[in-house]
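Comments concern the structure below.
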Amino acid sequence: MAWFRWGRRPGGVLPLSEGEWEWVLGNLGVLGDLGVDVGDGGWLGEFYDAQLDEWGVGGENVGLDPNPTINLIGLGLGEHLVRRCGLRWVVVEDGQGAEIAVYGEVGDVLIYPTNVVAKRWVVRERGFLPGFVDDVVRRVDGIRGTAK
């Protein structure tokens, strides 16, 4: 799935189930326990970069599954966008399956935050998150400005 869509509604946008809410809130709680302020895109970006270092070549996490860490950071990114852009958490179903996303009805804005992080993680892209967040906020504001 692409990480960002607007202007066309996907197959099905559904509210999170109780279990999905617990997963999202549990991960946000872990971030809080680690001292990560998801309201601060710069701090979230620093945490992402630090995790890349911990998962780097020769690090103690070699051979372990990075997906829980990727999801943790992706959910932090999603919550940041929920707060900054007024989006809401949803599950999106399409022909390929279901995935948690953040969504805004005005302009049909749809972002898959864990996918955003996973794509950058694979190529070990550092320093992307604060600029990415600012770009998304500008785009969402622009889309909503034209959709009103």
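The values are calculated or read from the model by the stated rules, or taken from the named source; none is laboratory data. Keep in mind it's a predicted model, so treat the numbers as computed, not measured. So basically every Cβ, Gly included, is an ideal-geometry build from the backbone, and we count neighbours across all protein chains shown.
Here are the numbers:
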read-out: Only listed residue being within 27 Å of residue 141 (Cβ to Cβ), surrounded by 14 or more Cβ atoms within 10 Å (Cβ to Cβ) and at pLDDT 95 or above, chosen from 13, 36; value: 36
read-out: Residue in the range 112-132 that is under 15 Å from residue 86 (Cβ atoms) and among the β-branched types (Val, Ile, Thr) present; value: no
read-out: Residue identified as in contact with a strand residue (DSSP E or B) (Cβ under 9 Å, 6 or more places away or on another chain), modelled with pLDDT under 95, farther than 15 Å from residue 23 by Cβ and not small (Gly, Ala, Ser) among 94, 65; value: 94
read-out: One residue from 115, 71 being surrounded by 15 or more Cβ atoms within 10 Å (Cβ to Cβ), among the polar types (S, T, N, Q) and closer than 19 Å to residue 29 by Cα; value: 71
read-out: Qualifying residues in the range 77-109 (those that are among the small types (Gly, Ala, Ser) and out of contact with any Pro (no Cβ under 8 Å at 6 or more places or on another chain)) - the one farthest from residue 31 (Cα to Cα); value: 95
read-out: Candidates 49, 94, 53 - the one that is without any contact (Cβ under 8 Å) to a residue 12 or more places away in the chain and either surrounded by fewer than 18 Cβ atoms within 10 Å (Cβ to Cβ) or at negative phi (or both); value: 53
read-out: Listing of helices (runs of 4 or more DSSP H) fully contained in the range 11-88 that carry 1 or more residues being β-branched (Val, Ile, Thr) and closer than 17 Å to residue 121 by Cα; value: 67-85
read-out: Residue list for the range 89-124, restricted to those being assigned to a loop (DSSP other than H, G, I, E, B) and over 30 Å from residue 53 (Cβ atoms); value: 95, 96, 105, 106, 107, 108
